[in-house]
Amino acid sequence: MKRISLCVLISLFLMVVIPVEAAGETIVSKTLLPYEILSISMSQSTMTVSGWAILNETQHFVTSSDHSYELEFASNEHTFRVTGTTTGTNLTDTFRYGGAPICATTAYFKTDITCYYRFENVGFTFSIPISSLQIGRNYTVYLIVHANSANFHKKIPVYYPIQNDIVISSGQKEYRVVSKLDDMKITVKYATVAARKGPDRSYVAWNGGANCSSTYGNYHYFLLNSVYTNIKDKYLNNTNKMTYYNVSTSLSSCVDSRRRVVEGETYNPVWIASSFVEYSGTPMLVSTRIINTAPTIVVENVVLKVDDVFRWEEHVTAYDVEEGDLSSKINVISDNYHNIPGNYQMTFEVSDQYGAKASAVLLITVLEHENNLPIIHAEDFSVLIRSNVDLRKFASAYDLEDGDLSASIGVDTQADLNVVGMYPVEFRVVDSRGAIAIRNVRVTVFDYDTLFGKFRFVDKDELFYMEDIPVPWIGYTQRLRLLLETHTILESITVDP
């Protein structure tokens, strides 16, 4: 007994005389660090968080000099803190154990049945600049409570169970508060919590089943450490600044002379205050992201012929919902195109200002040219004996792809222009792709006698044949001979005798 008393005296001396040395900011349970997030709102520039928090069985919370608050936003890549402003929420009566005296000012770490602490000005408000949140991060939020007088500092992950996310957008940036009510579980951490019919201490507790004692009868109390996963609703009681959770229960056994209930479907609605439970599940996250639609690339597959002019820019475009036309930013990733018949691919990629990418493949088919045969225009013709004439003048050639090929015509003939007669002539032409056209005609070589034997000279009054040509006509016949010798054409002449 003496040894036990000595230990107690030493402990009391250490707790009463001086504050304990600050422990690290270890994460603690809600039993030691009760808190409530009452509201969260966001504007284009600021995120505002309000609530309250204390450290149980630690010290008096009276002024901003003896306690303070911080919020920590922690991600894998970035962590920062914001200091809060204390507000005038008074929760002394809420956490006071009935019948216990007030603790001395310098009494630290007293249990609630030994004495009670004043919890005044335990509200807080945080104003977090939206610009402090880096884009592309998922921040877990922690509440840090500094009990400055006791030199005691603890933190806890924040839960703010809500049905729908809180979202604000600024340009293409989105900021989102996520704390899913249906993802959270609550565990009862006190053995004396009544299962009430409404969200306030003024509501009576449910009763039913056999009596467990004459003191408590069959009134319902939550079983210590029982877990509730099906939270049907929540209610913020603005009078006592406490959130109440609606659950359903069923009867359990008698424990400590009280009729206990656990999660079930017999009794509903059953309400329990947040100060009596521990949260589990996914803590509150603040996520940030760019609202960005990836660009798109549109390609028009191409069918070409060899030597056709090909510019891929005429067949590929890029567009981004936020930035518009990105065609000028398209990059060629791979290209096996050649100007020979075959199938080819070109791969393109484009990125927007936030790095979102799109890629596409252009299919290119190169075909041989459709080559039409050239056409030679030529008919049978006559030339005067001993004429010095290029027979190609009697033919012309045209090609649909190459155009006029007359200058390329070749002549193959055994014609002797010094001997009267009819001879075969072959005209030949080859286009740029080797297609050959041939035209066979005949050339007639004639002399003067043959020419003049075909003429009958007459005047308007009488016929004469094989007679002397009238003197007035002599000049014209000489002219006719000259035309025949030089141009091999006939000209019709009218002569007045």
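The values are calculated or read from the model by the stated rules, or taken from the named source; none is laboratory data. Predicted model, so just to flag it, every value in this text is computed and none were measured. Neighbour counts run over all protein chains shown; Cβ positions are idealised from the backbone, glycine included.
A compact table of results
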| quantity | calculated |
| --- | --- |
| Qualifying residue in the range 214-233 (condition: of a type outside the set (Gly, Ala, Ser), in a loop (DSSP other than H, G, I, E, B), more than 21 Å from Thr266 (Cβ to Cβ) and assigned by TED's automatic domain parsing to the domain that holds Tyr267) | yes |
| Contacts under 6 angstrom Cβ, first residue in the range 84-106 being small (Gly, Ala, Ser), partner modelled with pLDDT of 95 or more and crowded, with 16+ Cβ neighbours inside 10 Å, 6 or more apart | Gly84/Tyr69; Gly84/Phe124; Gly84/Phe126; Gly88/Asn121; Ala100/Cys115; Ala100/Tyr116 |
| Tyr203 at pLDDT 95 or above, among the aromatic types (Phe, Trp, Tyr), surrounded by 17 or more Cβ atoms within 10 Å (Cβ to Cβ) and at negative phi | no |
| Hits in the range 69-127 - residues which are part of a loop (DSSP other than H, G, I, E, B) and aromatic (Phe, Trp, Tyr) | Tyr97, Tyr108, Phe109, Tyr117 |
| Meets criteria (assigned to a strand (DSSP E or B), of a type outside the set (A, V, I, L, M, F, W, C) and at pLDDT 95 or above) for Ser328 | no |
| Which numbered condition Lys241 misses (of (1) modelled with pLDDT of 95 or more; (2) under 30 Å from Arg176 (Cβ atoms); (3) of a type outside the set (Ser, Thr, Tyr)) | (1) |
| Check on Gly198, without any contact (Cβ under 8 Å) to a residue 60 or more places away in the chain, surrounded by 15 or more Cβ atoms within 10 Å (Cβ to Cβ) and in a loop (DSSP other than H, G, I, E, B) | no |
| Filter result for Ser75 (touching a residue at least 60 places away in the same chain (Cβ under 8 Å) and either more than 30 Å from Ser170 (Cα to Cα) or under 56 Å from the mean Cα position of the chain (by Cα) (or both)) | yes |
| Boolean, Ile330 is surrounded by 13 or more Cβ atoms within 10 Å (Cβ to Cβ), out of contact with any Leu (no Cβ under 6 Å at 6 or more places or on another chain), touching a residue at least 12 places away in the same chain (Cβ under 8 Å) and of a type in the set (A, V, I, L, M) | yes |
| Identity of the residue in the range 375-408, under 20 Å from Tyr448 (Cα atoms), in a strand (DSSP E or B) and among the hydrophobic types (A, V, I, L, M, F, W, C), that ends up nearest to the chain's Cα centre (by Cα) | Phe381 |
| Which listed residue is buried (at least 17 other Cβ atoms within 10 Å of the Cβ) and either without any contact (Cβ under 8 Å) to a residue 12 or more places away in the chain or over 14 Å from Tyr117 (Cα atoms) (or both), from Ser39, Ser50 | Ser50 |
| Members of the range 128-155 that are under 24 Å from Lys110 (Cα atoms) and in a loop (DSSP other than H, G, I, E, B) | Asn148, Ser149, Ala150, Asn151 |
| Any hit, the range 265-282, residues being without any contact (Cβ under 8 Å) to a residue 60 or more places away in the chain and in contact with a Leu (Cβ under 8 Å, 6 or more places away or on another chain) | yes |
| Boolean, Val299 is at pLDDT 95 or above and either over 21 Å from Thr31 (Cα atoms) or small (Gly, Ala, Ser) (or both) | yes |
| Residue in the range 414-427 that is assigned to a strand (DSSP E or B), on the phi < 0 side of the Ramachandran plot and touching a Gly at 6+ places or on another chain (Cβ under 9 Å) present | yes |
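Conditions (1) surrounded by 12 or more Cβ atoms within 10 Å (Cβ to Cβ); (2) modelled with pLDDT of 95 or more, marked per residue:
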| residue | (1), (2) |
| --- | --- |
| Ser396 | yes, yes |
| Asp404 | no, yes |
| Asn418 | no, no |
| Arg433 | yes, no |
| Asp461 | no, no |
| Ile469 | no, no |
| Trp473 | yes, no |
| Thr477 | yes, no |
| Ile493 | no, no |
